[in-house]
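The structure appears below as structure tokens.
The values are calculated or read from the model by the stated rules, or taken from the named source; none is laboratory data. Predicted model, so just to flag it, every value in this text is computed and none were measured. Cβ sites come from the backbone with ideal geometry, for glycine too, and all protein chains shown count toward neighbours.
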Amino acid sequence: MNLPGSTGDPSGLPDPAHPRDMSDAGLHVTYRRSGGIAGLDLVAECAGSDLPQDHARVARDLLDAPADEPGRGGTEREAAVVPAGADRFTYTVHITDGTRHRTLTWSEGAVPSAAEPLLASLGGLATPQRAP
């Protein structure tokens, strides 16, 4: 099953080349990349309007997707996903529009391909923070 506006990508997320009419007003995203050898987390927080439009669209679609949507990827129920190796990363993204909230966690290698550009944008905005 694909998300509304999807063009059939097997990840269930829309093809950024086929935009939808939507507003990113009120969309807010926080990001944390944890794990890795250095023990530094990368942390970012931004408004949807600070992201490229197609990346904000992915965030909006992740927020809009039903919790049981196949192919959406990530998990909301686990506090953390144990990476396959000590030097692997875990990505956590919290998305809100002020009313609804969703936190998704992916292990490195399990990120849906359509979400990768969003994570790349957020990673580019992130600053290092020593893990607790």
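Cβ contacts < 9 Å: first residue of a type in the set (A, V, I, L, M, F, W, C), restricted to the range 34-58; second residue part of a helix (DSSP H, G or I) and modelled with pLDDT under 90, any location; separation 6+ or different chain. Result? Partner pairs satisfying both residue conditions: 58/114.
Filtered by the rule that a residue be under 15 Å from residue 93 (Cα atoms), of a type in the set (A, V, I, L, M, F, W, C) and not in a helix (DSSP H, G or I), the range 27-66 gives 27, 29, 42, 43, 44, 46, 47, 51, 65.
For every residue, the table says whether it meets (1) within 23 Å of residue 26 (Cβ to Cβ); (2) modelled with pLDDT under 95; (3) among the charged types (D, E, K, R); (4) surrounded by fewer than 18 Cβ atoms within 10 Å (Cβ to Cβ).
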{"residue": "47", "(1), (2), (3), (4)": "yes, no, no, yes"}
{"residue": "65", "(1), (2), (3), (4)": "yes, yes, no, no"}
{"residue": "69", "(1), (2), (3), (4)": "yes, yes, yes, yes"}
{"residue": "99", "(1), (2), (3), (4)": "yes, yes, no, yes"}
{"residue": "114", "(1), (2), (3), (4)": "yes, yes, no, no"}
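Look at residue 80 and say whether it is in a loop (DSSP other than H, G, I, E, B) and either out of contact with any Ser or Thr (no Cβ under 8 Å at 6 or more places or on another chain) or at pLDDT below 95 (or both). Against the criterion (in a loop (DSSP other than H, G, I, E, B) and either out of contact with any Ser or Thr (no Cβ under 8 Å at 6 or more places or on another chain) or at pLDDT below 95 (or both)), residue 80 qualifies. Whenever a residue of the range 93-120 is under 18 Å from residue 64 (Cβ atoms) and of a type in the set (S, T, N, Q), its partners that are surrounded by fewer than 16 Cβ atoms within 10 Å (Cβ to Cβ) and modelled with pLDDT under 90, lying with C-beta atoms within less than 7 angstrom and at least six residues away or across chains, give the pairs 103/76.
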